[in-house]
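The values are calculated or read from the model by the stated rules, or taken from the named source; none is laboratory data. Not measured: the values here are computed from a predicted model. When we count neighbours, we look across all protein chains shown, and the Cβ atoms used for this are built from the backbone with ideal geometry, even at glycine. Please note that ligands, DNA and RNA were not included when accessible areas were found on the heavy atoms of the full protein model with its side chains. Shrake-Rupley method; radii C 1.70, N 1.55, O 1.52, S 1.80 Å.
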Amino acid sequence: MSFSPSIAGLSAALTDLSNTLVTPPHDAFARLGGTFFTRLPAAPLSEPYLAGFSAGTAALLGLPQGIENDPGFIDLFCGNATRDWPAEALPYASVYSGHQFGVWAGQLGDGRALGLGELEHGGQRFELQLKGAGRTPYSRMGDGRAVLRSSIREYLCSEAMHHLGIPTTRALCVIGSDQPVRRETIETAAVVTRVSPSFVRFGHFEHFYSNDRVDALRTLADHVIERFYPHCREADDPYLALLDEAVRSTADLMVDWQAVGFCHGVMNTDNMSILGLTIDYGPFGFMDGFDAGHICNHSDTQGRYAYQRQPQIAYWNLFCLAQGLLPILGEQHEESVRGDKAVEDAQRVLLGFKDRFAPALEARMRAKLGLEHAREGDDTLVNRLFEVMHANRADFTLTFRNLARMSKHDASGDAPVRDLFLDRAAFDAWANDYRARLSEETRDDAARAIAMNRVNPKFVLRNHLAETAIQRAKEKDFSEVERLAAVLRHPFDEQPEYEAYAGLPPDWASSLEVSCSS
Ligand code: AMP
Ligand code: MG
C-alpha cells in the first residue's frame, strides 16, 4: 500500500502510538503483573468500519488530526492489530469481583474489555481500553462482545457527560462490524475505545479482600495512591486517606448525577470507579418527565437503582469498598487494638459522605434556581419544586432550563416553564413563592439567567435522540451520531438551530426500553 505524505505521517504516528502502548510507564496499571490481569490479544473483528470518532478525545491524547482516516487506526482500535504484539505486551483483561444488586457476586473481571496501555500527553496520562474486543478468562457465559447500539450509547453519553462537566471515562471511537451478535435479537458487533486515567473499580479491592490476598490489596492501593493521590502517603493512614478520597469524589459525582437527572442504571460495586468517574454506560438514562422513583434499567425490577436511591446506593457501595480495604487499614495503631480502630476509622470516614453530599447538593440546587446566597427555607422551596415536578411528570431538563426565563417582577416569563405542568395552579403556587424568594436577590433577571444557563443544560442525551442516531447508524449512516455528539458538546449553549434536540420527547419515546443487554 502506498501512502500520500500526510497519510504516511499519520501511519508513523500510529506506529509511535502502538509502541507507546506496548511499553507502558513503570507505574502503569499494566505493570502490576499477572495477579491483576491476564494478557491476551483481541478476537478478530471482520471488516471493521469507523462508526464514531471524538476529535476532542483524540486531542486529549495528543493524536494528530486526521488519524481516524488511517487504515491502521481502525486496525488498532478494533483490536485486530494486537495479534502482532509481543506476548509480554499484549492487551490485558483485569480481574475484579463485586456486589451486584446488593448481593456478593464473586469474581467478575473484564469479560469483554481489554486494556491497551497508557498514553501521556500534556502532562496527563490515560489508559486506553477496548470494550467488546472478545472473550477473556473473565467472560463467564458472555460472548465478549458489545453491540453497535450500546457502543454508540456509551460513546455519546461519555462525551455528553464530559461536556456537562461531570467526571467520566471518555470515548475515542466506535468501530463497527457486520459480525452478528446475539442479544434479544441478532445485532452487530462494535468495539468502543474508552479512555480514562484509570479503570480501577471498587470491585478490584473487594476481589483481593475476598481472596485473602492482602499483599495484592496493598499493591493495588499503593498503585492508586502513587498515580492519583500521592498526598495520601503523608497521612497517618494512607489507605484511610485513599478511602476518604473515594468517599469525597463519589459524593461529588452523586451531586452531579442528581442535578441533571442522570440515572446510571447498574450501580453495582464493579461499576464504581475508585476515582469517582462515571463508568460502564449500560442501561443509563437522562430523565424526561421527572419521577423521583424513575428506574431506567428495565431489568431492575426492584428499583434498587432508581433515581432517588442513587446517593444512598453510592454510600452503600462505599461501605463495600471500606470493607475491602480493612485488612490494610489502621496499621499505625497498636497491634492489640488495630482491628477495632480500623473499623472505627473507616466508619468515621464513611460518615463524611453525608457531610459532603447534602450541603453540596443544596448548593447545586440553589445555583440551579439562580439563588446567589443561602436563605432559611431554600431547601423547602427546592423540595416543593421536585414534588410539583413529580406530580406532573414535568420534564426535568426543560423545567430547570426554563426557570431562567421567569422574572422576579411579574409572571411575564412564566409560560415556558408553566406549560410543562398540567396542574397550573400547583405550579403557580410554587412560582409565587419562588418569585418572592427571587425578589430578595440583588442580581437582576438577566444576570441571573446567564448564571442559571451555565448550570442548567439545554441539551442532554435523551433516549429518543440516541435511538434515532442508532437507527441511522444501523443503516451505515453515521451523520446523526456525529451531529448529536456535536450538539451535546455544547449543552449549555442556546444553539437555536438545534432546537428540536432540546424539545420534549415524541410519543414513541415512552415505549423505549433499556435493559442490561448490551
Ligand atoms: P456489567 O453489568 O455490564 O457491568 O457487566 C458485569 C460483568 O459481566 C462484567 O464482568 C462484564 O465484563 C461482564 N460482561 C458483560 N457483558 C459481557 C459479554 N457480552 N461478554 C462477556 N462478559 C460480559
Ligand atoms: Mg461493568
The alpha-carbon pair-distance distribution computed for the stretch 114-160, with 10 angstrom bins and whole-percent values, is 22, 40, 32, 6, 0
Whole-number value, in Å³ per residue, for the convex hull of the alpha carbons of the chain is 160 Å³
Given Cβ charges of +1 for Lys and Arg and -1 for Asp and Glu, the option among 224, 260, 177 whose Cα lies farthest towards the positive end of the dipole of the chain is 177
For the residue 493, residue 107 Cβ pair and Förster radius 51 Å, calculated FRET efficiency rounded to 0.05 is 0.65
Looking only at lysines whose Cα falls under 23 Å of residue 408's and that sit 8 or more positions away or on another chain, we get 368, 458
Answer in debye to the nearest 20: the dipole magnitude of the chain about its Cα centre, from +1 Lys/Arg and -1 Asp/Glu charges placed on Cβ, is 580 debye
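Based only on Cα atoms, what Rg/Rh ratio does the stretch 3-78 have, Rh being taken as Kirkwood's radius? Don't skip to the end; give the middle numbers.
Working: Rg = 14.4 Å, Rh = 14.3 Å.
That ratio is 1.01, to two decimals.
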Scoring the chain by relative contact order with C-alpha pairs under 8 Å, at least six apart, yields a percentage of 14 percent
The computed P(r) of the stretch 136-233 puts the percent of Cα pairs beyond 18 Å at 64 percent
Carbon/sulfur accessible area of the chain, % of total, 1.4 Å probe, equals 51 percent
Stokes-Einstein D for the stretch 286-401 (10 °C, 1.306 mPa s, Kirkwood Rh from Cα pairs), in µm²/s, comes to 93 µm²/s
In nm², the average projected area of the convex hull spanned by the Cα atoms of the stretch 203-366 is 10.3 nm²
Taking Lys and Arg as +1 and Asp and Glu as -1, residues besides residue 45 with C-beta under 12 Å from its C-beta add up to -1
In nm, the gap between the two label points placed 7 Å beyond Cα toward Cβ at residue 444 and residue 507 is 4.5 nm
Hits in the stretch 321-337: amide N under 14 Å from the 7 Å Cα→Cβ extension of residue 347, namely 323
extent check for the stretch 371-442: Cα max minus min per principal axis, descending, whole Å, gives 31, 24, 21
Computed about the Cα centre, the charge dipole of the stretch 203-366 from +1 Lys/Arg and -1 Asp/Glu charges at the Cβ has a magnitude in debye, to the nearest 20, of 480 debye
To the nearest Å², the heavy-atom accessible area per residue of the stretch 23-199 with 1.4 Å probe amounts to 35 Å²
With +1 at each Lys and Arg Cβ and -1 at each Asp and Glu Cβ, the charge dipole magnitude of the stretch 23-199 around its Cα centre, to the nearest 20 debye, comes out at 520 debye
For residue 341, the aspartates and glutamates lying under 15 Å Cα to Cα, once residues fewer than eight places off in the same chain are dropped, come out as 236, 237, 331
A chain fully extended from residue 379 to residue 391 at 0.36 nm per residue, minus the present Cα-Cα distance, gains in nm 2.5 nm
Subtracting the Cα-Cα distance of residue 516 and residue 336 from 0.36 nm times their residue separation yields 60.1 nm
Inverse of <1/r> over all distinct C-alpha pairs of the stretch 437-518, i.e. the Kirkwood Rh in Å, gives 15.0 Å
Cα-based Rg and Dmax for the stretch 23-199, in Å, come out at 15.7, 46
Among 421, 19, 50, the residue whose Cα sits farthest towards the positive end of the charge dipole of the chain (+1 at Cβ of Lys and Arg, -1 at Cβ of Asp and Glu, taken about the Cα centre) is 50
Given Cβ charges of +1 for Lys and Arg and -1 for Asp and Glu, the option among 374, 400, 436 whose Cα lies farthest towards the positive end of the dipole of the stretch 371-442 is 400
Sparse-neighbourhood loop hits (trypsin sites (Lys or Arg not before Pro), the stretch 468-497; DSSP loop; Cβ within 10 Å at most 10 others) -> 476
Env charge @ residue 294, Cβ radius under 12 Å, K,R +1 / D,E -1, value -1
Two pseudo-spin positions, 7 Å from Cα along C-beta at residue 426 and at residue 16, lie apart in nanometres by 6.0 nm
